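Structure first, commentary second.
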Amino acid sequence: SVIIKIQNLIKTYENGNIKALNGIDLEIEEGEFVSIIGQSGSGKSTLLNMIGFLDVPDSGTIEVAGIDLKETKHLDEFRSKKIGFIFQLHNLIPNLTVQENVEIPIYETSLNSKARSERALYLLSLVGLKDKVNMKPTKLSGGERQRVAIARALANNPSIILADEPTGSLDSKTSKEVLDLILELHEKENVTIVLVTHDTNVANLANRCIEVLDGKIISS
Ligand code: ADP
Ligand code: ADP
């Protein structure tokens, strides 16, 4: 079934002078792994931010996991229950341990502290960091930090993972490891993934590749 449904989405900045999204129509099925590709400034991040309810459009409709953005007043709750975010820069909290970072989204759920800890440890072993759970992120390599960020994104069992250039700051070998991990998790955790990239090789790993230019989808 359809988990993301977008109709005629328009988003402008600077009093309408910048048309970041210029009439986007898009449907994504539950469990799909979709990439959004396009050159810098084409509107990829803006589109991803809309799907994550991080920003509101000028017009058009957007429905995610059965929730219409216009009709919900509980955006934080929606995001913390349904969406896991992975960014180019991992955004880990430096003075918390790896495990504590992964536990953050779980505080929004009803799990008690024992279950929270178990979930975090399960995810950290899934991403191959079982032996680094008590370290601070600053002690890790770039690829390891991104794997922590991936574990954190999965922590609250989201329906959708939104990833914005998740390998953008990694070298090619580390990128490949992180991408392999994302592919593996897509299969194991049965989650819908929307991944933004400017890199064709990365985009081609997805089940479907959506190309954006000047705020419009030019191929899908
Ligand atoms: P991409 O992710 O493909 O690089 P973006 O979605 O970041 O593209 O940006 C699309 C266009 O909207 C660009 O021209 C960008 O400069 C502009 N833009 C994005 N966010 C903002 C903002 N918060 N304020 C003003 N302009 C913005
Ligand atoms: P990307 O790496 O995907 O191209 P950007 O670096 O363009 O992303 O944008 C990073 C963040 O800055 C986004 O949240 C975007 O909305 C915001 N942003 C992009 N362009 C502008 C702009 N011209 N003015 C203000 N904010 C912007």
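The values are calculated or read from the model by the stated rules, or taken from the named source; none is laboratory data. Keep in mind that what you see is a predicted model, and the values were worked out from it rather than measured. Using ideal geometry, Cβ is built from the backbone for each residue, glycine included, and neighbour counts are taken over all protein chains shown. These accessible areas exclude ligands, DNA and RNA; they are computed on the full protein's heavy atoms, side chains included. Shrake-Rupley method; radii C 1.70, N 1.55, O 1.52, S 1.80 Å.
Here are some notes:
- Average silhouette area of region 75-171, convex hull of alpha-carbon atoms, in square nanometres: 5.9 nm²
- Heavy-atom accessible surface of the chain: percent carbon and sulfur, 1.4 Å: 47 percent
- With a cut-off of 17 Å on the backbone N, the residues of region 125-141 near the modelled label site 7 Å out from residue 173 along Cα-Cβ are 141.
- In summary, the helical segments of the chain meeting the span-like criteria, namely a full DSSP H run, a Cα extent along the axis of 15 angstrom or more and a mean Kyte-Doolittle hydropathy of at least -1.0, are 113-126, 142-154, 172-189.
- Cβ-placed point charges (K, R +1; D, E -1), dipole of the chain about Cα centre in debye, nearest 20: 620 debye
- With DNA, RNA and ligands ignored, accessible area of residue 189 (1.4 Å probe; Å², nearest 10): 40 Å²
- Using distinct alpha-carbon pairs, which all enter the 1/r mean, Kirkwood radius of region 1-124 in Å: 16.5 Å
- Per residue accessible area in Å² of the chain, where ligands, DNA and RNA are left out and the probe is 1.4 Å: 49 Å²
- The modelled label-to-label distance for the pair residue 74/residue 59, using points 7 Å beyond Cα in the direction of Cβ, is 3.1 nm.
- The listed peptides 4-11, 66-73, ordered by packing as a protection proxy, come out as 4-11, 66-73 (highest mean of other Cβ atoms within 10 Å first).
- The figure for residue 183 is an accessible area of roughly 50 square angstrom, using a 1.4 Å probe on the protein chains alone.
- Both radii are taken from the alpha-carbon atoms of the chain; with Rh as the Kirkwood radius, Rg/Rh is 0.97.
- Test item: Cα-centred dipole of region 1-94, Lys/Arg +1 and Asp/Glu -1 on Cβ, debye: 240 debye
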